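Read through the structure below, which is laid out as C-alpha cells, and then see the notes.
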Amino acid sequence: MKKEVSLSSFLISLTLPTTMTVIVPSIILYFFDENNFSFGLHAWLGMLILITGLSLVTITIGLFKRIGKGTLNPLDPPKKLVIAGPYRYVRNPMITGVLLVQLGESIMFTSFELLIWFFGFWMANQIYFIWKEEPQLLKRFGPDYQEYRENVPKWVPRFSPWLKDKK
C-alpha cells in the first residue's frame, strides 16, 4: 500500500502544477487568444518570471519530501510542518511559484486571457486557504502552525527570514 501511495503522490505532485501551468494555459491560448508571439523584451521578462516560479515550485516540492516527509498530494501530506527555505519568507511559496509561472506566461504571450486565469487561480487559492487548508494545518500542527501563521505572511514575502527560535 505504501508504494501505491508513493506512486500516486509522485504523479499528483507532477500533475497538479502541470495542469495549472501548462494544460489550462495551453487550452486558453488555443481557444481564446489570437496569439501573435514575438521575442521582444516582454518575452524575456515573462521567461525570467516563469523560470523563477518554476524554480520555486521545484524547491518547495523537494522540501515537502525531505523535511515534511510527504507531498502536495492530499493522500500523503507532509507529516512535519515545513518552515525552511522559502517557507521562512512566505507561507505559500509553492502556490506563489505556480502564480509566477502563470504571470510569466501571460507576459510572455501578452495574453489578457492568461492574466485573467492568473487572477482567477489566485482568488480560488485565497478562498481555499482561508476556508480549508489553514484550518486543517491548524488542526494538524496546532500551536506551531499558529505561531508560524502569525509571523509569516501568506502571499507577500517578508524581507528577512523568520526563525522560530528568534523573535
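Only the coordinates and a few stated rules stand behind these numbers; no lab work does. As the structure is a computational prediction, the values presented were derived from the model and not from experiment. We place every Cβ from the backbone using ideal geometry, glycine too, and count neighbours over all the protein chains shown.
Assorted remarks:
- Loop sites in region 63-167: chymotrypsin sites (Phe, Trp or Tyr not before Pro), DSSP, at most 11 other Cβ within 10 Å: Phe159
- The lysine pair count for the chain, using Cα distances under 15 Å and pairs eight or more places apart or on different chains, is 13.
- Note on region 63-152: Rg/Rh from C-alpha atoms, Kirkwood Rh, equals 1.03.
- Label-to-label distance, Leu41 versus Thr19, with points set 7 angstrom from Cα along the beta-carbon direction: 3.9 nm.
- Dipole magnitude (debye, nearest 20) for the chain, charges at Cβ of Lys, Arg, Asp, Glu: 1080
- Rg/Rg_globular for the chain, with Rg_globular taken as 2.2 N^0.38 Å and Rg from C-alpha atoms: 1.11
- Cβ-defined net charge surrounding Leu137, 15 Å radius [Lys, Arg +1; Asp, Glu -1]: +3
- Residue ranges 39-50, 74-85 sort as 74-85, 39-50 when ordered by packing (mean number of other C-beta atoms within 10 Å per residue, highest first).
- Pair Ile130, Trp155: separation of 7 Å Cα→Cβ label points (nm): 1.1
- The calculated FRET efficiency for the pair Glu147 and Lys69, based on their C-beta separation and a Förster distance of 22 Å, comes to about 0.60.
- Whole-Å semi-axes of the ellipsoid equivalent to region 105-167 (Cα gyration tensor, √5λ, descending): 30, 17, 6
- Computed E for Lys80/Tyr30 - FRET, C-beta separation, R0 35 angstrom, nearest 0.05: 0.25
- Helical segments meeting 30 Å axial Cα length and Kyte-Doolittle 1.0 threshold in the chain (DSSP H): 41-66
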